[in-house]
Amino acid sequence: MRLILLGPPGAGKGTQAGRLVNAHGIVQLSTGDMLRAAVAAESEVGLKVKDVLTRGDLVSDELICSIISDRIDQPDCSNGFILDGFPRTIAQADALGELLEAKGMKLDAVVQLEVDEGILLERIETRARESAEVRSDDNADALKKRLAVYNEQTAPLIAYYGERNMLKTVDGMKAVDEVAAEIDSILCAV
Ligand code: AMP
């Protein structure tokens, strides 16, 4: 099973991806986690992206696509994977399509977690208060910036995958268990 979880910051992608990992024995590929790990390790990539992450901007399509391409080649991805936080631009979606085709792989579904932006902003404020020390980009201003970047660069992927008949939309405002049940029923049908 190979799927994309699509939705703005705070929509619950990470929570749902973590659950799917346990339920379906597939790996979660969170580009945000990978980049934060690189920053923490002060690797070459980490030093390059540190300020971009803190600002809430996107790192280059080229860099993130090469990271994902390499990661998908790892043996633990052979059973399937959940892309969490990737693709985030139309260029990344095009590149993903090409690289999967080159690897002889196919996406099973794109699951969009749909959320109310007003309520999301409240969640963002709460999350910023709770996790300011965990993530340097989890202060309210950076999160609002990330939401604006999502609306501008990532939201067009909803139409992109819709046109390709791959998009499944779930109400992300429901309780975590209800969202999980909706995702499971979608995945049963693909
Ligand atoms: P996330 O944890 O998915 O919200 O990602 C945290 C940050 O990592 C983002 O605000 C971006 O700076 C960067 N990032 C993660 N995934 C991508 C991506 N697919 N393309 C560009 N930048 C990304």
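The values are calculated or read from the model by the stated rules, or taken from the named source; none is laboratory data. Note that the structure is predicted; figures quoted are calculated from it, not measured. Positions of Cβ are generated from backbone atoms using ideal geometry, with glycine treated the same way; all protein chains shown enter the neighbour counts.
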(request) With respect to residue 70, determine if the residue is among the acidic types (Asp, Glu) and part of a loop (DSSP other than H, G, I, E, B). (result) no
(message) Tally up the residues in region 54-66 that are of a type in the set (Gly, Ala, Ser) and more than 8 Å from the ligand (Cβ to nearest atom), please.
(response) 1
(request) Name the one entry in 30, 69 that is modelled with pLDDT of 95 or more, within 10 Å of the ligand (Cβ to nearest atom) and of a type in the set (S, T, N, Q). (result) 30
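Which of the helices (runs of 4 or more DSSP H) found entirely inside region 111-190 contain at least 2 residues meeting this: within 17 Å of the chain's Cα centre (by Cα) and either more than 15 Å from the ligand (Cβ to nearest atom) or without any contact (Cβ under 8 Å) to a residue 12 or more places away in the chain (or both)?
Passing ranges, in order: 156-163, 176-189.
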(request) Go through region 73-99 and give me each residue that's assigned to a helix (DSSP H, G or I) and within 15 Å of the ligand (Cβ to nearest atom). (result) 90, 91, 92, 93, 94, 95, 96, 97, 99
(message) Give me the residue from region 108-159 that is surrounded by 14 or more Cβ atoms within 10 Å (Cβ to Cβ), modelled with pLDDT of 85 or more and of a type in the set (Val, Ile, Thr) and, out of that set, nearest to residue 90 (Cα to Cα).
(response) 154
